[in-house]
1. Check B:VAL293 against each of (1) crowded, with 24+ Cβ neighbours inside 10 Å; (2) farther than 17 Å from B:LEU423 by Cα and name the one condition it does not meet.
2. Let me confirm something: among B:LEU158, B:LEU139, which residue is in contact (Cβ under 8 Å) with a residue 12 or more places away in the chain and more than 11 Å from every other protein chain (Cβ to nearest Cβ)?
3. Examine the stretch B:1-12 for a residue that is among the β-branched types (Val, Ile, Thr), crowded, with 20+ Cβ neighbours inside 10 Å and either modelled with pLDDT under 85 or within 27 Å of B:TYR97 (Cβ to Cβ) (or both), and state whether such a residue exists.
4. Which residues, counting only those in the stretch A:66-114, are of a type in the set (S, T, N, Q), crowded, with 24+ Cβ neighbours inside 10 Å and over 16 Å from A:PRO242 (Cα atoms)?
5. Any residue that is among the aromatic types (Phe, Trp, Tyr) and under 29 Å from B:SER285 (Cβ atoms) - is there at least one of those in the stretch B:467-477?
6. What are the pairs with Cβ atoms under 6 angstrom where one residue, in the stretch B:78-94, is at the interface with chain A (Cβ under 8 Å from one of its Cβ atoms) and on the phi < 0 side of the Ramachandran plot and the other, located anywhere, is surrounded by fewer than 20 Cβ atoms within 10 Å (Cβ to Cβ) and among the polar types (S, T, N, Q)? Sequence gap at least six, or different chains.
7. Report yes if some residue within the stretch B:203-212 is surrounded by 24 or more Cβ atoms within 10 Å (Cβ to Cβ) and either over 25 Å from A:TYR422 (Cβ atoms) or within 14 Å of chain A (Cβ to nearest Cβ) (or both); otherwise report no.
8. So which residues in the stretch A:115-138 are surrounded by fewer than 23 Cβ atoms within 10 Å (Cβ to Cβ) and among the polar types (S, T, N, Q)?
Amino acid sequence: MSSQSVGHFALLPLYAAAGTAILALLADLFTGRRAAITGVTLLGTLATAVCAVLAANAEPTFCATGGCSWIPTGAAATTAVLFAGLTAGVLAFSLPALRIGTAPAGEFCFLLACSMTGGVTVAYAGDLITLIVGLETLTLPLYVLVGLRRFAPTERVTSDPAAASLTFFLISVVSTAIALLGVALNYVATGVVHLASLGPAQASVFAPIAGVGAALLVIGLAFKVAAVPLHAWAPATYDGAPVPVAAYLSTASKLGGILALVTVVSRLETRAVVTILAILTMTIGNLVALRQTRMVRLLAWSSVAQAGYILAALAIGEPGAVAALAYAGFFVVLELVAFGVVVALRPQGGDGGTLADFRGAGRRSPWLGAALILAFAGLAGLPPGLAGLFAKLSVVDALIDANWTWLAGVVVLNAVIALAYYVRVSAALYTLPPRVGFSVADPVLLDEAIHPHLPVPRPVAIAVAAAVTAAVALGFAPQLLLNALT
Amino acid sequence: MDAAQILLIALLAVPAVGAVAVLAVPARRDRAARVLATGLAGVTFLLTLALPVAAPREFGWFSYGPVPALIPWVRVQADWVPSLGLQFHLGVDAISYPLVVLTGLLTVLCCAYTVKKVPEGGAGRTLAALLLVLEVGVLGTFLALDLILFFIFFEVVLLPMFAVIAGWGGPERRAAARKFVLYTLAGSVLLLIGVVTVVSQTGSGDLTGSFDLSRNTQCLVFALLAVAFAIKAPLWPLHTWLPDAHTEAPTVGSVILAGVLLKMGTYGLIRVGLGVAPQGAEWASPVLGVLAVVAIIAGSLICLRQRELKRLIAYSSVGHMGFVLLGIATLTVTGIQAALIGNVAHGLITGLLFFLVGTIKDRTGTGSLDQLSGLREQAPRLAGLLGFAAIASLGLPGLAGFWGEAFAVVAAVQAGGPFWVTLAVIAACGGALTAAYFLRLLRRVTHGPSTPGVRASRHSISLVEWVAWGPLVVLSLVIGLMPALVLSGTDIPIVSLIGARP
């Protein structure tokens, strides 16, 4: 038996991502200097993105009868670049926290790079097993990252991160088991794992088993994107995790789940399940978000709802795949901006805070306020967040093209509900300080004394600026992303 | 690209870049920033005036068949997002041009008004920048010749207007702003579904072309668009956001809202509603007509009972927009011309009215009719202007308000049949009611013994106020005497929009 030939050129992005993780570990071992570790990791994310672009047209590899397991495509390269960018952004958001030592830099960078490796694998996966392995590699390091929080001697120790980590771990393991069961049932019924030959089951006695398998697979993956009714872990986990890690959960981790869902849904017949999930997810996500009082929880619920819009595009199956990926692309950039501004406005290493903590923040920091407005407008699908508007437009366009106008109606109705909480938070950013119990000469001065103007750490500022630039650029030239995904 | 096309782009680019520039001015130079905003709005206004001069005049008019094609004076066309069927397609013709000029004019007047007086709530330069952003959105809506581009510009005004109301408004501004933004978004998402359906079915969003849609689709699309535009216009019974928004908005916000934002609804109904789904419009026109007449009567009756100045003017807008929509509903050239001139007249006169009542409210500290009286004795000039604006608004012949209302009724009579004649008669009665409530307003505010609030207020009219109000007064008179200024050249584009009807 001859050994399988391996196209190393196609694997370049994976090598770069995995190499980044190993280099981060080695840098920790040999230098122990934070700057070296984080520098190596940042360069590694850049290398991953460059490799993904270089190897965009490489030949598929790991081929066997039935299909290949590693398939470079334009969409794969684009999402790999997105994963690398998100990882770099989240690392930049974490640098202030790493500097004051809330998490060990070596372990943090290693785990983050491992997670990126998983994301790259999901993007290129050509069979269901690689897909699940990639998704697990993406998620596994996050269990640790969510709970990785050291407390200073003077600080009040809480078990929130640990609780968040455990919740996430338990739910995620169960969901993986369900997804694997789905893959197994589908394999039993059809004998297929390669995506190239994956399709709706032929009429046979095994067809019902294949159908159940497909449904279970979708449900397992729906946990990862926090689709209702499989969403309960997300708000608690996001809120307990350090804010940059919550940003990663809500962008890169979600993008991985969406990629996996797109892969499965565009090949298997799962429209009924996905339609129900989509309607529940957007409606409940938006309605519950209306009542939130904590910033990260609000973002978590809004991110649940956003996943619902993506699922809506997937409800029509294959024709909605590009729209779903495009929405995900626009969404992660805007979400990264939103989380970045939250990191910048809060004390270093602090939690997301309540909405009241952000009152008047836009007056104190006009640039950050403007960035958050841009992100919220985009998430609501309105100008000046043109990127978000085109995201909504592409989903509605796909649904109406497929004659699913009623589902497009549900999507836009939800956009109206969502605007209610986005404008509430946005308006709070610019309200005057609340009245204090006693009379003061100048409430604005008092407010400034209570809320000292925190200097924004440079890496955070640069990352937010880069994300805003990307969001604005995508807003004016959305065709770039749409082309890159097809 | 010739000069006229560059002009068209500059019309959007100047206020857009201007808004950023105004925001970039440091906080301590706030007044300079407001002056800059006024200057840029002035440049934009001059550009709108230059459009017909720069437009190539030699375009030949060839009419093949009964319906001539819609040919804009100037157009700019480029691909933007081909996969979503979106083209960057701008153009101007006789239907949109008067509204473009009106937008330019009102924006420059509002910016000039903020130079002197910034309402409480936030930095003056931010308000001025938001006014410029609003101008971009409104001009874009009037210039767009692509369906999806129209939708995008339609959305642009949403958040800036929310910010103007929520940032610089009265005591209940939060609730009013939220109501405004959610209500109008609900309308514009229907517009989204409508335009995407059209583009998806015909593969093109070109508003200068014709749309090959089945009758059923036309009915569906027109219903979606009509509700969307009816919320914006607003048409009874979808008007309930308007009084709150107007009552709480700062003076300049009210002027822009009434003067140009509402026109986006009626203009959209003409350009997009009739242009895309003429058969759908024919199907829905009786319903539109009835609702328009109900709006006229309901608006007037509510005004007769109103005790708050700004609310009264806001409800009078509902009545006036009822006349505009009645004109559109007749689907005749006369009716649509009445709607066009009604739009412009309402923009000028209601803009002026909101400036005046905003000033009265600011100076006396109250908008309640019970506490305002005797303005004529204390501030004769202000009272005179208010009287002029009220009389123009009630539709006295010779002033701008007359043509829109009178010819909407004429068009309904010409449409023939007992149904339209009945509507015309009721609408004419509504016109009489309009006169009644405006005269009541004048009697309460200008006549009678002066109240302490009126006596304590400042009486003179400052230079900035004359600058802001003067053009509106003059234009109300000029357009009243020469309606052809607005209507010349509109007949052929209207014929091509509504089909071969006379």
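The values are calculated or read from the model by the stated rules, or taken from the named source; none is laboratory data. What you see is a predicted model; the values in this text were computed from it and never measured. Backbone-built Cβ (ideal geometry, glycine too); neighbour counts: all protein chains shown.
1. Checking B:VAL293 against (1) crowded, with 24+ Cβ neighbours inside 10 Å; (2) farther than 17 Å from B:LEU423 by Cα, the one that fails is (2).
2. After applying the criteria, what remains is B:LEU139.
3. Checked the stretch B:1-12: no residue is among the β-branched types (Val, Ile, Thr), crowded, with 20+ Cβ neighbours inside 10 Å and either modelled with pLDDT under 85 or within 27 Å of B:TYR97 (Cβ to Cβ) (or both).
4. The one that is of a type in the set (S, T, N, Q), crowded, with 24+ Cβ neighbours inside 10 Å and over 16 Å from A:PRO242 (Cα atoms): A:THR79.
5. Within the stretch B:467-477, not a single residue is among the aromatic types (Phe, Trp, Tyr) and under 29 Å from B:SER285 (Cβ atoms).
6. B:VAL81/A:GLN479
7. yes
8. Correct list: A:THR130, A:THR137.
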